[in-house]
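A.B. asks: The structure follows.
The values are calculated or read from the model by the stated rules, or taken from the named source; none is laboratory data. This structure is a prediction, so every number in the text was calculated from the model and none was measured. Every residue, glycine as well, gets a Cβ built from its backbone with ideal geometry; the counts of neighbours run over all protein chains shown. Just so you know, the surface numbers come from the protein's heavy atoms only, side chains and all, with ligands and any DNA or RNA stripped out. Shrake-Rupley method; radii C 1.70, N 1.55, O 1.52, S 1.80 Å.
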Amino acid sequence: MLGAAAAAWLPEASRRVSAGMVSHEVPLGCIVMGLRWLPLLTCYGGPMEAPSAAAAATSDSGTPGAGVEVGSTGGSWASFVEAAFPPRQFLRNTLNTWSNAMDASGRGSMAPRLAEAACTFAALCPEEAAAGAGPGLKIEQVRALAAELKALEQPAAADAAEALAAQLLRWERGGGARGGGRGGGRSGGRAAAAASGPPLAARYGVWVPLLQSAAALLPASPAAARQLLGGCSNPACADLEGDSDAALPLRACAGCGGAASYCSRECQMAHWRSGHREACGGGAGGGGRGGGEPSRRLQLGWHTALGLTMRAARMGVRAAEEAAAGRTREQEVAALTAALEGRGTLRVLLGEELAAAVAGEALAVTAQLRALLPAASEADATAGAHADPTSDAGSCGPGQVDQGAEWWRLMTRLAPHLGTTLVMDLFPAQSFGDCLRMHLPRMPGSAEPLPPIPPPALASALAGGVLPCLERLVRRAATAAPGDTGTGQVTPELVMLMSFEEARRSLVDSTDVTWGWLPPMLAYGDPREAGALIASLGKALAGFDSVSPGLNALMVDFTSNLCTVAPTWLDAAAARLERGGALTPPERQLAGLLGAAAVAWLPELSRRIWSGPFMTQAGSVDCVMPLGCVSAGVRWLPLLSCAAAPAARDAAAAAASSGPEAPATNVAATSSGGGGAGGGWRSFAEALFPRQAFISLAVDIQQRANSDDGSRQALAPWTAEAACTFAALRPKEAAAGVGTVLRTEQVRALATELRAGGQAEAADAAEALAAQLLRWERGGGARGGGRGGGRSGGRAAAAASGPPLAARYGVWVPLLQSAAALLPASPAAARQLLGGCSNPACANLEGDSDAALPLRACAGCGGAASYCSRECQMAHWRSGHREACGGGAGGGGRGGG
């Protein structure tokens with residue numbers, strides 16, 4: 001009878017869940033019903049085998065298509081529950097509801113049931129779960145679920161959820177298009193990824209054996225369960241006449257020999273249309289007519305399917321644009337009449353958000369089809385092409401598919417029309433963000449030269465306007481005040497950008513992910529569009545310190561990650577030049593824009609380091625500032641300190657022979673603060689990251705960073721580079737700061753950690769620096785006194801073997817000098833690459849692009865500077881433009897005073 005109750009009640013519970021998602025008033029009891037019955041009925045009909053044995057079919061990466069073996073799909077019970085609660089959409093929406101819209105008691109009561117449903121879905125349907133890793137089951141949500149269960153002292157459920165989160169991460173990192181993992185036979189991607197999959201599958205499949213045994217207690221099928229109810233055979237019967245369902249007068253169906261009975265002609269006709277036709281040998285009236293023609297499924301070719309989805313996307317985007325522009329009832333009638341009479345093109349008349357949701361889903365399906373097309377073409381012996389001949393899409397290497405410029409143009413046009421409310425069981429803005437993140441073209445962060453022409457996937461994205469699209473999302477998300485969309489709600493643009501949070505797991509992961517997609521677009525994109533995106537990211541970073549924590553963290557990640565990895569790329573490019581190579585035009589553009597990004601972003605990253613309280617009363621470090629800000633400073637301080645310094649490899653050793661009285665590297669230009677452009681970069685870096693205070697802070701933070709996620713290990717060589725370069729370029733300051741700025745025991749610990757991590761060269765430099773610090777410390781005399789020259793004892797007398805030490809800890813200096821030479825001539829020259837307002841502190845985020853801001857040239861300096869407002873002109877005048885400008889702040893020709 002419990003099975004009969006499920007057959008009778010679950011369809012209505014499903015309908016209420018779907019209706020509640022639209023109205024944001026989801027009945028909690030209906031969700032719980034779905035969570036309990038979805039895993040149970042999905043397990044019906046499977047063999048009773050332990051998950052550990054079944055999971056042996058899973059590869060070490062958790063290959064999609066091989067999970068916990070359950071034999072058959074469970075027949076009609078499985079199809080019944082999947083029709084009522086489609087697993088992927090239902091679990092995604094329930095996880096969102098659980099994460100965002102429930103109080104503590106509701107979260108606690110639902111957590112174990114949600115974990116059971118999600119884990120069983122992944123165990124029984126690994127193909128679908130792998131294809132939905134990210135869009136469906138979000139890793140951070142599953143991790144939050146595991147943490148909640150652990151707090152509720154439910155270790156078994158918590159362990160299963162943690163195993164599922166680990167499996168989702170493997171599936172996502174396995175590469176390959178998600179849509180392509182469902183057909184099997186893909187040698188790369190998820191199927192290639194791992195060796196410890198079976199233990200994971202056994203852990204998150206822990207509920208399956210018991211669920212299989214419980215499901216076996218139910219009637220054989222929903223139809224058999226319904227027979228226990230008696231009454232009308234139409235499952236949708238709503239007849240409430242009389243005092244009992246058993247008292248309703250019924251009429252047997254003649255076509256099936258009385259196997260079905262109905263309370264009315266309407267119920268008989270409804271049941272006939274909904275599926276009884278196949279089981280019944282007679283007509284709807286019992287007249288003995290045959291069962292009709294067997295149902296046929298239309299099979300579409302790949303190219304036909306692609307053409308249909310792209311056409312649906314075009315029509316949806318056009319409908320959304322027309323609805324946003326506004327139309328009268330008369331215009332709608334005229335358009336429909338013209339289409340019906342064949343006098344006009346076919347048009348879709350929908351509301352803006354619904355039309356946008358249709359277009360977004362069509363574009364997502366198009367991307368999945370294009371990802372599957374190469375594999376399908378290879379499998380088809382008659383297929384002679386690997387790409388759609390009707391489009392400009394083509395193969396772009398493993399895991400990357402060229403979606404075509406038109407696809408990207410439609411994505412760009414669609415973005416302004418998406419909403420945050422549920423439409424067609426989807427959250428359109430979230431789905432758009434997931435699609436955008438997954439299909440942004442990526443390039444590996446290798447030391448190989450960038451080709452002079454972009455790969456096809458990247459060229460299509462740039463031609464389709466991906467750079468202006470991203471800039472628009474950033475600007476609109478940053479300009480939305482907290483109350484613009486109502487309490488507790490967010491803007492569509494913010495929802496789209498928050499999809500990139502998937503990469504925010506650790507310092508190492510997030511830097512690799514960001515470097516994969518952003519620098520290629522900067523290297524090959526239109527310089528004006530790329531500069532405008534950099535400027536908008538800088539303004540969003542500076543303006544959202546406290547308004548939106550989610551966007552604030554995301555902007556810090558985007559900017560600090562790029563700044564952290566950029567010096568590594570510059571070092572590799574410089575090393576290639578020293579070996580006789582040359583930079584391609586995209587590489588030169590990227591080098592210039594990396595300098596522009598440093599000018600735009602480093603000031604705010606520096607402010608975040610120094611504005612927060614990071615020292616406890618005991619003087620130890622309390623790491624409350626974003627770790628990415630520190631890593632960015634650690635990477636750029638040594639690089640910019642070497643700007644325009646001599647590039648001789650032996651300068652450090654030759655100049656250090658007299659100890660700390662002479663610099664280890666010839667930095668005359670550095671000490672004077674001049675040197676033209678180089679002085680500009682050095683003074684810029686010194687103002688943001690004061691050497692002594694910042695290096696001391698960086699060493700402390702590195703030794704207290706988290707080693708579990710790789711952050712401490714990543715920071716170790718960068719911190720050593722910064723400390724050693726500081727000592728090589730500024731030996732007087734380093735000698736004076738022994739024991740306060742640089743402590744010998746900390747540098748030794750850093751060297752030990754580097755050697756244990758297999759970084760011998762960095763470890764040798766840190767050991768040499770520790771030995772030099774010890775010599776300076778033992779040299780005697782006041783630290784401040786050794787800086788005026790003429791001291792025969794003290795530190796200057798302590799280093800008979802100083803040159804070899806200075807050469808060892810100054811090992812990074814020559815390459816850093818070459819790398820710094822790739823940057824623009826000065827911070828001012830780098831700022832010119834950004835375009836827009838000449839005021840470095842400009843915070844104007846009006847419009848969709850920084851390049852579109854109306855500017856007014858400064859008359860005093862002949863138009864060399866331009867401003868978006870009078871306020872920016874006055875601010876720049878006060879901050880230093882007065883010296884460069886021959887006119888007044890208003891451009892009226894007044895003298896420079």
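A.B. asks: Carbon and sulfur together cover what percent of the accessible area of segment 837-885 at a 1.4 Å probe radius?
C.D. replies: Values: 1330 of 2610 Å².
Whole-percent figure for carbon plus sulfur exposure: 51.
A.B. asks: Another one. Under a point spin-label approximation (7 Å from Cα along Cα-to-Cβ), what is the A254-R277 distance to one decimal in nm?
C.D. replies: About 2.1 nm separates the two model spin labels.
A.B. asks: Peptides 339-348, 815-824: what's the order by average Cβ count within 10 Å, highest mean first?
C.D. replies: Numbers: 339-348: 11.6, 815-824: 22.2.
Going from most to least packed, we get 815-824, 339-348.
A.B. asks: While we're here: Which lysines does K150 reach when only Cα atoms under 26 Å apart count, and residues fewer than 8 places away in its own chain are ignored?
C.D. replies: K138
A.B. asks: Note down the net charge around A865, summing +1 for each Lys or Arg and -1 for each Asp or Glu among other residues with Cβ under 13 Å from its Cβ.
C.D. replies: Values: positive: R831, R856, R882; negative: E883.
My count for the surroundings of A865 gives +2.
A.B. asks: Further question: Which order do peptides 563-571, 760-768 fall in by mean Cβ count within 10 Å, highest first?
C.D. replies: Working: 563-571: 22.8, 760-768: 20.8.
The packing order, highest mean first, is 563-571, 760-768.
A.B. asks: Just want the answer: with Cβ charges of +1 for Lys and Arg and -1 for Asp and Glu, which residue in L240, C263, C253 is farthest toward the dipole's positive end in segment 230-275?
C.D. replies: Farthest towards the positive end: C253.
A.B. asks: Expected output is a single nm value to one decimal: the length gained when fully extending between E266 and R607, i.e. 0.36 nm times separation in residues minus the C-alpha distance. What is it?
C.D. replies: Taking E266 through R607 to full extension adds about 115.5 nm, to one decimal.
A.B. asks: Would you kindly derive the ³J(HN,Hα) couplings of segment 695-702 from the backbone phi angles with the Karplus curve 6.51 cos²θ - 1.76 cosθ + 1.60 (θ = phi - 60°), listing them in order in whole Hz, with x for Gly and Pro?
C.D. replies: Listing the rounded values in order: 5, 4, 5, 4, 5, 4, 5, 4 Hz.
A.B. asks: Just to be sure I understand the model, the point goes 7 Å from the Cα along the line to the Cβ. What's the resulting A236 to A553 distance in nm?
C.D. replies: Between A236 and A553, the simple spin-label model gives 4.5 nm.
A.B. asks: In addition: With +1 on each Lys and Arg Cβ and -1 on each Asp and Glu Cβ, and nothing else charged, work out how big the dipole of segment 230-275 is about its Cα centre, in Debye to the nearest 20.
C.D. replies: Values: 3 positive and 5 negative charges, 59 e Å.
In debye, rounded to 20, segment 230-275 gives about 280.
A.B. asks: Turning to a different aspect of this structure: Around A728, what is the net charge, scoring Lys/Arg as +1 and Asp/Glu as -1 over all other residues with Cβ under 11 Å from its Cβ?
C.D. replies: Values: positive: R730, R808; negative: E721.
Neighbourhood net charge equals +1.
A.B. asks: Non-local amide H neighbours of S866 (under 5 Å, H modeled in plane, Pro and chain starts lacking H): which ones?
C.D. replies: Here the answer is S838, C858, since their amide H atoms fall under 5 Å of that of S866.
A.B. asks: Can you give the FRET efficiency for E140 and R15, using 1/(1 + (r/R0)^6), R0 = 30 Å, r = Cβ-Cβ distance, to the nearest 0.05? Spell out each step's value before the answer.
C.D. replies: Working: r = 30 Å, r/R0 = 1.01.
Calculated transfer efficiency: 0.50.
A.B. asks: A214 versus S707, label points 7 Å from Cα toward the beta carbon: distance in nm?
C.D. replies: For the pair A214/S707, the computed spacing is 4.3 nm.
A.B. asks: Can you check what the net charge comes to around G316, using other residues whose Cβ is under 13 Å from the Cβ of G316 (Lys, Arg +1; Asp, Glu -1)?
C.D. replies: On the way: positive: R311, R314, R318, R347, R413; negative: E321, E322, E352, E353, E361.
With Lys, Arg at +1 and Asp, Glu at -1, the net is 0.
A.B. asks: Sticking with this structure for a sec: What does the extension gain come out to for T568 and S79, with contour length at 0.36 nm per residue minus their alpha carbon separation?
C.D. replies: Extending this stretch completely gives an extra 170.7 nm.
A.B. asks: Multiplying the sequence separation of E448 and N96 by 0.36 nm and subtracting their Cα-Cα distance, what value in nm do you get? Write out the running numbers ahead of the final one.
C.D. replies: On the way: separation 352, 0.36 × 352 = 126.72 nm, distance 4.17 nm.
Working it through step by step, the gained length comes to 122.5 nm.
A.B. asks: Taking all protein chains in place and a 1.4 Å probe, what share, in percent, of the accessible surface of segment 230-275 do carbon and sulfur account for?
C.D. replies: Details: 1440 of 2810 Å².
Its accessible area is 51 percent carbon and sulfur atoms.
A.B. asks: Right, next: Per residue, how large is the accessible surface of segment 230-275? Use a 1.4 angstrom probe and give square angstrom.
C.D. replies: On the way: 2810 Å² over 46 residues.
For segment 230-275, the per-residue accessible area is 61 Å².
A.B. asks: Still on this structure, please answer the following. Can you give the Rg to Rh ratio for segment 837-885, taking only C-alpha atoms and Rh from Kirkwood? List each step's numbers first, then the result.
C.D. replies: Details: Rg = 10.5 Å, Rh = 10.9 Å.
Result for segment 837-885 is an Rg/Rh of 0.96.
A.B. asks: Next question, about the same structure. Amide H neighbours of A254 under 5 Å, at least 5 residues apart or on other chains, H built in the peptide plane: list them.
C.D. replies: Under 5 Å from the amide H of A254: no residue qualifies.
A.B. asks: May I ask you to evaluate 6.51 cos²θ - 1.76 cosθ + 1.60, the Karplus curve with θ = phi - 60°, for each residue of segment 329-335 and list the ³J(HN,Hα) values in order in whole Hz, giving x for glycine and proline?
C.D. replies: Residue by residue, segment 329-335 yields 4, 5, 5, 5, 4, 5, 5 Hz.
A.B. asks: Whole-Hz ³J(HN,Hα) for each residue in segment 239-255, computed from phi via Karplus 6.51 cos²θ - 1.76 cosθ + 1.60 with θ = phi - 60°, x for glycine and proline: what do you get?
C.D. replies: Result, rounded to whole Hz: 6, 10, 5, x, 9, 8, 5, 6, 8, 5, x, 10, 10, 6, 7, 6, x.
A.B. asks: Another one. Beyond 14 Å, what share of the Cα-Cα pairs of segment 230-275 remains, rounded to the nearest whole percent? Before the final figure, lay out the partial values.
C.D. replies: Working: 444 of 1035 pairs.
Counting pairs separated by more than 14 Å, the tail of P(r) holds 43 percent.
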